[in-house]
1. Over the chain, with the other protein chains present, what is the accessible area per residue in square angstrom, probe 1.4 angstrom?
2. Report, in debye and to the nearest 20, how large the dipole of the chain comes out about its Cα centre when Lys and Arg carry +1 and Asp and Glu carry -1 on their Cβ.
3. ³J(HN,Hα) across the stretch 38-53 via Karplus (A = 6.51, B = -1.76, C = 1.60, θ = phi - 60°), whole Hz, x for Gly/Pro?
4. At 1.4 Å probe size, what's the solvent-accessible area of V33? Round to the nearest 10 Å².
5. In nanometres, what is the gap between the two model label sites at E16 and Q47, each 7 Å from Cα along Cα-to-Cβ?
6. Would you mind telling me the share, in percent, of accessible area of the stretch 1-53 contributed by carbon and sulfur at probe 1.4 angstrom?
7. If DNA, RNA and ligands are ignored and the probe is 1.4 Å, what is the ranking of R54, R64 by accessible area, most exposed first?
8. Nearest 500 deg cm²/dmol is fine: what mean residue ellipticity at 222 nm does the chain get from its DSSP H runs of n ≥ 4 alone, each adding -39,500 (n - 2.57), divided by its residue count?
Amino acid sequence: MKSIGQGVREIRIQDEGQYRVIYMATFEDKIYVLHAFQKKSQKTSKQDLEAAKRALKEISERRRS
């Protein structure tokens, strides 16, 4: 998911609906879940993408300090 950031990936789950987990696993030996949500339309909403971007920014800032 380059639209969010380098190294960000997505897991797609289909089980009585569609769900997505956006995560990053390139910092040390940790997996950071940036955002998880139920997908209700074909296109991922701007709100969901922005939530993942905010989480990535927060994690990056914490790692620098």
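The values are calculated or read from the model by the stated rules, or taken from the named source; none is laboratory data. Computed from a predicted structure; not experimentally measured. A quick note on method: Cβ atoms are made from the backbone with ideal geometry, for glycine too, and the neighbour counts reach across all protein chains shown. Ligands, DNA and RNA are stripped out before the accessible areas are found, and what is left, the full protein with its side chains, is counted by its heavy atoms. Shrake-Rupley method; radii C 1.70, N 1.55, O 1.52, S 1.80 Å.
1. Values: 5170 Å² over 65 residues.
Accessible surface, normalised per residue, equals 80 Å².
2. Working: 15 positive and 9 negative charges, 59 e Å.
That gives a dipole near 280 debye.
3. With the stated coefficients, the stretch 38-53 comes to 8, 8, 10, 9, 4, 9, 5, 5, 4, 4, 5, 5, 5, 4, 5, 5 Hz.
4. Probe radius 1.4 Å; accessible area of V33 about 90 Å².
5. Result: 2.3 nm between the two label points.
6. On the way: 1840 of 4050 Å².
That fraction is 46 percent.
7. Details: R54 150, R64 190 Å².
Ranked from most to least accessible, the order is R64, R54.
8. Working: 1 runs with 19 residues, N = 65.
Rounded to the nearest 500, the figure is -10000 deg cm²/dmol.
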